[in-house]
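First comes the structure, then the notes that go with it.
The values are calculated or read from the model by the stated rules, or taken from the named source; none is laboratory data. Only a predicted model underlies this, so the values are computations on that prediction, with no experimental measurement involved. Using ideal geometry, Cβ is built from the backbone for each residue, glycine included, and neighbour counts are taken over all protein chains shown. Each accessible area value is taken on the protein alone, full model and side chains, heavy atoms only, with ligands, DNA and RNA left out. Shrake-Rupley method; radii C 1.70, N 1.55, O 1.52, S 1.80 Å.
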Amino acid sequence: MTSIGTGYDLSNSVFSPDGRNFQVEYATKAVENGGTAIGIRCKDGVVLAMEKLVTSRLMKKDANKRIATVDRNIGVVSAGLVPDGRHFVSRARDEASSWRSTYKAPIPVASLANRMGSYVQAFTLYSSVRPFGITAIVGGFDAETEVDVDGAVGSGPKVGSGGKTQGVKEGGPYLYMIEPSGLYWGYYGAATGKGRQAAKAELEKLNLDPKKGDTISLEEGVKEAARIIYVAHEDSKDKEFELEMTWISAVSGPTKGRHEDVPKELKDEAERLAKKALEGDDEMEE
Amino acid sequence: MNHFPVGWGRPRDDVYGAYNPSYLPQSHGGTQANPITHTQSPIVTGTSVLAIKYKDGVVIAADNLASYGSLARFTDVKRLKQFNRKAVVGFGGDVSDMQYLDRLLNSLDVEENYGGDAPAESGPHMSAKNLHAYLSKVMYKRRSDFNPLWNAMLVAGLDESDKPFLAYADLLGTTYSSPSLATGFGAHLAQPIMRRAVPNEAASRELSKEQAVECIKECMKVLFYRDARSMPVYSIAVIDGKGVDLKEDEKLENQSWAFAEQIRGYGTQTV
Amino acid sequence: MVQTTGMLGEDGIHVDMGHLKSGEVNLGTSIMAINFKDGVILGADSRTTTGAYIANRVTDKLTRVHDTIWCCRSGSAADTQAVADIVQYHLGMYGITNDEAPTTQTAAAIFQELCYENKDALSAGIIIAGWDHRHGGQVYSIPLGGSLHKQAYSIGGSGSTYIYGYCDANWKENMTEQEGVKFVKGALQEAIKWDGSSGGVIRMVVLTKRGAERHLYLPDRNYEGPGMDRP
């Protein structure tokens, strides 16, 4: 790399003459070595999936989760340095809890992404810290139903409140991806980690843009997510991995607005289909 | 009119008599140096909470009234709060402190769920017993800071081995447990009735759910008759192995008032 | 103090101005807010007293904290003004940083936090009423201790004790704007009639998707006008 030996890559607070922050670029390298993580924003929810590479046969299966819950309705998955991911989650939980104590309501996914983006970006400014070695995918569902103030008692008029603007859809599924630079965007489908290129190629084939007609359902999303992780794993086939998968639906949906593990039956089915799809690919070549 | 600052905003002497400033700090014409006080008094309050253990679980109830002194100010205040699938807390006393505790329990529940649903990973969920231990420590801490949370509450649910659990905690940090419990007025009026049904733990292990619910309803009725800070609409919850069954808009039934007709005068009068 | 000046005892409300700060200006008041078909209506009298002296006979107790979120203040004028100013600041910041107007819930939550955490120092009884796209009209009440209550309609201040019966008997859900104004005006007229600490003009604010509209009703015109202030 051109940066090596120039000295411009030694500190976070120093730009290179052509305007690059090499420490941030190195952090991105750390991300590219991590297991693939993806998120899909479906019509009625969000799916998060992670290719958890098995680093030792001595580790318990399905233990050491890599997808974490923030508040009740938001999930975070990251690719890259695991401890950095844990710190990110810890901060996200603190942000969500501080929002709750101020506003007595759950934090909107967009606001959490905004705050975490600012937090991650701050780690690119100072010589005393290094940037986050992760890219995090934040997915959640802002309640489509009305939520009252935490702790409030009483229920207002029996006939409900008057003067609501009709026909406006409130809340919904949201997905954001935050990079080591602090850059973040909202996505229909997001992928990061080692297999991100293959994963992105697969995500782009899905119907995820609501402006282009009907988007895929949450259940389809779960199956696609499993398949995409399996596809993304093809390039590092020699290594074993575990699929970790969570989802968040509307309050009216299967998870009741919460971020939860995909139920075992559904996950097993998705994995079976994913394996079958891969075998199918092989057969085409005969 | 008294134009001196001490008299500003105070009742007129010619109407209310001379103002007694003795309790005021010396700087304001008082006779004593006022200590700084932190303890408050409850303003908007809920009355009794009742609960009884039966063979598979616990039944708990409280009415839906929040009083402002003697004024029946809010009539739709739900004072039973569910916590996960194993516990219900019934609150008496100050409503603002109840709301504070409700939010505290809510944040506790959020943290509880970080571990996900897999018990093997996150350990068992908090039981009613754990919850009571936590709450009583919060209460004791606050009373030790001379800033108590002005509540008396019952924690009803299941303990870590899914056996019925019922315990009391209050603003002083006091705790106790019994097969039946009641706070406030209920401790005087309802507890004797409930003790007839469950004199001891052995008796509560024999009591059916129907008997327990019946007993609680009877007690709510007595409380409505004799507690001037009560109302006839209440919440009732049954917690057992199947989960929590909470009803928040129950009306008192089978009240007895017709005998008023036999009552004439207050002694010898008969017409 | 709010409902009256004084302490609450088991047997009711005692007149004891013990915990009024020296020289404090008091909103011994009649305030209310109601839900109606298209939003909310806030109403208040206009009397401010220090003891028996009317310090201001044309007070405006209806205070804006955001475009369509307002509050009725009762209790200490100084305390409630300070609290409303802080909430107005927070809601302004919220609107800018989140690029979206705050809801009535947000306002109620901030009001409650201030009133609850500072209950030792405050004598503030506040009714919050607001309109937003998502929730329509909403009314919240925060009485003395700092608890938060969602209500169909709310009455407060010393004058409110005289109109519990009137309001309960005449309340209807889903009223039209005209019916709502009539209900609020009728209730406040009674409160002004019977409560010495309430008086002067009746002010109202109607909050709907149209925004905020002020009404004014004068005692020397039998509270019939001038009515709505429409440019």
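Here are a few things to note about the model shown:
- A simple charge model with +1 on the Cβ of Lys and Arg, -1 on the Cβ of Asp and Glu and nothing else charged puts the dipole of the stretch B:44-251 at about 600 debye relative to its Cα centre.
- Farthest positive-ward along the stretch B:44-251 dipole, Cα basis, beta-carbon charges - from B:Val110, B:Met153, B:Val138: B:Met153
- Summed buried accessible area for B+A [probe radius 1.4 Å, Å², rounded to 100]: 1400
- Interface residues in the stretch C:173-196 - accessible area drops by 40 Å² or more relative to the isolated chain, probe 1.4 Å: C:Glu173
- Exposed GluC sites (Glu not before Pro) absent - longest run of chain B, DSSP non-H/G/I/E/B, at most 16 other C-beta within 10 Å: B:1-159
- Relative contact order of chain B, defined on C-alpha pairs under 8 angstrom at six or more residues apart (%): 22
- In the stretch C:179-231, the GluC sites (Glu not before Pro) that fall in loop regions by DSSP, at most 16 other Cβ within 10 Å: C:Glu224
- Too-long pairs where the Cα-Cα distance tops 21 Å, listed order kept, from B:Lys55/B:Lys242; B:Lys53/B:Lys221; A:Lys43/A:Lys205; A:Lys43/A:Lys212; A:Lys43/A:Lys164: A:Lys43/A:Lys164
- Relative pair counts by distance (%), Cα atoms of chain A, 5 Å bins: 1, 6, 11, 15, 17, 15, 12, 9, 6, 4, 2, 1, 0, 0, 0
- Chain C: proportion of alpha-carbon pairs further apart than 33 angstrom, %: 11
- Measuring nothing but protein heavy atoms, the accessible surface of the protein assembly as shown at 1.4 Å probe radius is 52 percent carbon and sulfur.
- Accessible area per residue for the stretch B:44-251, computed on protein heavy atoms with a 1.4 Å probe, is 40 Å².
- Sparsely packed loop sites in the stretch B:199-271 (the chymotrypsin sites (Phe, Trp or Tyr not before Pro) outside DSSP H, G, I, E and B with at most 15 other Cβ atoms within 10 Å) comprise B:Trp257, B:Tyr266.
- Interface burial for C against A (accessible surface, 1.4 Å probe, total of both chains, Å², rounded to 100): 2200
- Quarter of Cα convex hull surface for the stretch B:143-271, i.e. mean projection, nm²: 11.6
- Within 10 Å of each Cβ in C:111-118, the average number of Cβ atoms from other chains: 2
- Relative contact order (%) - criterion: Cα under 8 Å, at least six apart; region: chain C: 26
- Helix-only mean residue ellipticity at 222 nm for chain A, each DSSP H run of n ≥ 4 adding -39500 (n - 2.57), per residue, nearest 500: -11000 deg cm²/dmol
- Restricting the stretch A:13-69 to chymotrypsin sites (Phe, Trp or Tyr not before Pro) in coil, as DSSP defines it, with at most 13 other Cβ within 10 Å: A:Phe15
- If R0 is 56 Å, the Cβ-Cβ spacing of B:Asn20 and C:Lys209 corresponds to a FRET efficiency of close to 0.55.
- Counting all C-alpha pairs of the stretch A:48-160, share separated by more than 26 Å (%): 34
- Charge-dipole axis of chain C as Lys and Arg at +1 and Asp and Glu at -1 on Cβ define it, positive-most pick from C:Asn98, C:Gly125, C:Val201: C:Val201
- Legend: calculated FRET efficiency, B:Tyr176 to B:Thr270, from the Cβ-Cβ distance at R0 = 41 Å, rounded to 0.05, equals 0.25.
- Comparing B:Phe259, C:Leu62, A:Val231 along the charge dipole axis of the protein assembly as shown, the residue lying farthest to the positive side is B:Phe259, per the Cβ-charge model.
- Cα Rg, Dmax, the protein assembly as shown, angstrom units: 30.8, 112
- Summed over the residues of the stretch A:48-156 and divided among them, the accessible surface reaches 40 Å² per residue at a probe radius of 1.4 Å.
- Sorting the segments B:89-98, A:237-246, A:126-135 by their residues' average number of neighbouring beta-carbon atoms within 10 angstrom, most packed first, yields B:89-98, A:126-135, A:237-246.
- Net +/- balance of residues flanking B:Lys217 in space, Cβ distance below 13 Å, scoring K and R +1, D and E -1: -2
- Between C:Lys182 and A:Tyr26, the simple label model (points 7 Å from Cα in the Cβ direction) yields a spacing of 7.8 nm.
- Label-point separation, B:Ser161 to A:Val168 (7 Å along Cα→Cβ), nm: 5.6
- All other residues whose Cβ lies under 14 angstrom from that of C:Asp45 are scored, Lys and Arg at +1 and Asp and Glu at -1, for a net of +4.
- Only helices enter this figure: runs of n ≥ 4 DSSP H residues, each worth -39500 (n - 2.57), summed and divided by the residues of chain C, yield -8500 deg cm²/dmol at 222 nm to the nearest 500.
- For residues of A:139-150, the mean tally of beta carbons on other chains within 10 Å: 3
- The simple Förster model, with R0 at 25 Å and r as the Cβ-Cβ distance, assigns B:Val138 and C:Asn118 a FRET efficiency of 0.75.
- Note on B:72-79: average number of Cβ atoms from other chains within 10 Å of each residue's Cβ is 5.
- Whole-percent P(r), chain B, all Cα pairs, 5 Å bins from 0: 1, 6, 11, 14, 15, 13, 10, 8, 6, 6, 5, 4, 2, 1, 0, 0.
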